[in-house]
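Inspection log for the structure reproduced underneath, given as structure tokens.
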Amino acid sequence: MRRKLKKLLSILTSRLVIIGLLILIQLAWFLILFLRLTQYATWINAGFVALSLLIELYIINKSGNPSYKILWLLFIGTFPVLGGLMYLLFGDKRPSRKMRRQLHHGRRVIGLRPEVGCTAAALPQRMAETSFYLESCGFPIYQNSKVDYYALADEAYPHLLEDLKRAKHYIFMEYFIVADGVMWDSIKAVLKEKAAAGVEVRFVYDDLGSVGCLPKQFRKELSDAGIHVMAFNPFRPALSAVMNNRNHRKITVIDGYIAYTGGFNLADEYINQKKRFGHWKDTGLRIYGEAAYSFTLMCLELWNAFNNTNDNCKKYLPHRYHPEPFPTDGYVLPYCNSPFESETLAQDVYLELLNQAKNYVYIFTPYLAIDDEMQHALCMAAQRGIDVRLVTPGIPDKRMVYSLTRSYYEPLIRAGVRIYEYTPGFIHAKSYLVDDEIGVVGTINMDYRSLYLHMEDAVLLTGCSALQKLKIDCMVTIEKSRRVTLQDCKRRRHSLLWQAILRTISPLL
């Protein structure tokens, strides 16, 4: 009994609960004040209604995701007085002006990307055009690189640990979730040892993603060990839409020529040391060669946005500590998606792959909350004879998002898309494979948050031997999964109203 009370007290006094309560108090105070103000005078109420009408016209005419616009139009139409003011406070999905200035400052400090990449002229025309588009956004394509694909984070973890142990000059790491346990404790021990030996170690974690997972003295412990540490977008007790914008990237860069990315965070469930939702399946990549440089720049740009280090990117070039030539194995194009840029790279690349497919597209995603454009692209690909297969979790980590994911099944299946649920447990992988020729592995889910609100990263592969391993993994995973039928969808029609509500509010989930 004493242990249970102690645990309950620990939860109630946790940072997450305290900040959450403070935000709820602010929201309640705001609503009470607003309702009393509108009751005070008729002309004030009329003014707010007029403001809401103008905001609705603004939303209709502005460019943006239709689902997000519909959500706000519905809310403002239902609550014409309150809705407009709430949109002014929380409706802008972009980061705050201050954060945008900081992030652009980080890019200016690093400057133009040096000529490390190669030409994509040798690629098929459509793939070359995709490469030129990404290059125009600052992400070159590389040849002098080798990629290793890991079907499970369990497989990637020991290689990551060994590479960290061999680091001689610098280590950059960015992760959404960091939690005490076997995985983080072993990595932390190596980082401390390397920092003590004079290796430059920078560590970035998302503050909201890791809240409740780390001890109070986490930052002090790392700083005292000589590790430079930064919490991205700190979780504060204030009503602010900027809390929506998180750093969902998972990146490790070692000495400029080794990089890791994929779906896995630094927590034990990702390597199946801790059971949460059955068997946890995640995928990852190890990049060895010049292509690692794009990940170096991603880390440097973010770091310099919030720290006055003014790094010179040339001292982090891949060949600075590796003068020998790197092996070549196809084309490798790392890129990142960010809400402070006008381009929706994550969505654009996924749509491009569906449009380029000639035979098949296999997709792993833990969450499915797509807009009409993506749904139409999936359906059109299937209807023109492409074998489109989606693998989603068999065991959910979030019940509401799981119900939302399933709400998209019926129209996709009717169009010919094959959907499978990973019966051994939870699939957290984010992978695309097209025709044995093109693949994407990274952190980008097929949901609104990943595609529009979060900072994400991924690697576009073409002509790489790693694609064969991805193909084998796709076939093995599909074999382990249960195919969803129309009959399954019909059995869930009793929840159509609930699914409709979830579809409406999907940009918030």
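The values are calculated or read from the model by the stated rules, or taken from the named source; none is laboratory data. Source: prediction; values computed, not measured. A quick note on method: Cβ atoms are made from the backbone with ideal geometry, for glycine too, and the neighbour counts reach across all protein chains shown.
Okay, here's what the table says:
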read-out: Test for residue 499: is it surrounded by 14 or more Cβ atoms within 10 Å (Cβ to Cβ) and either at pLDDT 95 or above or not small (Gly, Ala, Ser) (or both); value: yes
read-out: Out of 162, 174, sole residue that is assigned by TED's automatic domain parsing to the domain that holds residue 276, modelled with pLDDT of 95 or more, charged (D, E, K, R) and over 24 Å from residue 460 (Cα atoms); value: 162
read-out: Pair list, Cβ under 6 Å, 6 or more apart: segment 309-321 residue surrounded by fewer than 16 Cβ atoms within 10 Å (Cβ to Cβ), other residue among the β-branched types (Val, Ile, Thr) and not in a loop (DSSP other than H, G, I, E, B); value: 310/109
read-out: Residue 339 being at pLDDT below 95, in a loop (DSSP other than H, G, I, E, B) and buried (at least 18 other Cβ atoms within 10 Å of the Cβ); value: yes
read-out: Enumeration of residues in segment 422-451 that are outside any loop (DSSP other than H, G, I, E, B), more than 19 Å from residue 269 (Cβ to Cβ) and over 13 Å from the mean Cα position of the chain (by Cα); value: 432, 433, 434, 438, 439, 440
read-out: Scope segment 385-401; condition surrounded by fewer than 17 Cβ atoms within 10 Å (Cβ to Cβ) and at pLDDT below 95; matching residues; value: 397, 398, 399, 400
read-out: Which numbered condition residue 382 fails, given (1) surrounded by fewer than 24 Cβ atoms within 10 Å (Cβ to Cβ); (2) in a strand (DSSP E or B); value: (2)
read-out: Test: residue in segment 244-266 that is touching a residue at least 12 places away in the same chain (Cβ under 8 Å) and surrounded by fewer than 18 Cβ atoms within 10 Å (Cβ to Cβ); value: no
read-out: Residues satisfying the stated conditions in segment 274-289, i.e. at negative phi and at pLDDT 95 or above; value: 279, 280, 281, 282, 283, 284, 285, 286, 287, 288
read-out: Residue in segment 451-466 that is surrounded by fewer than 24 Cβ atoms within 10 Å (Cβ to Cβ) and charged (D, E, K, R) present; value: no
read-out: Segment 152-167: number of residues that are out of contact with any Phe, Trp or Tyr (no Cβ under 9 Å at 6 or more places or on another chain) and of a type in the set (Ser, Thr, Tyr); value: 0
read-out: Failed item in (1) without any contact (Cβ under 8 Å) to a residue 24 or more places away in the chain; (2) of a type in the set (A, V, I, L, M); (3) closer than 30 Å to residue 301 by Cα, with residue 429 passing the rest; value: (1)
read-out: Lone unmet requirement of (1) more than 23 Å from residue 461 (Cβ to Cβ); (2) in contact with a helix residue (DSSP H, G or I) (Cβ under 6 Å, 6 or more places away or on another chain); (3) not β-branched (Val, Ile, Thr) for residue 282; value: (1)
read-out: Matching residues in segment 404-417 - criterion: being more than 16 Å from residue 490 (Cβ to Cβ) and part of a helix (DSSP H, G or I); value: 404, 405, 415
read-out: Criterion violated by residue 281 - all others in (1) among the basic types (Lys, Arg); (2) without any contact (Cβ under 8 Å) to a residue 40 or more places away in the chain; (3) surrounded by 23 or more Cβ atoms within 10 Å (Cβ to Cβ) satisfied; value: (2)
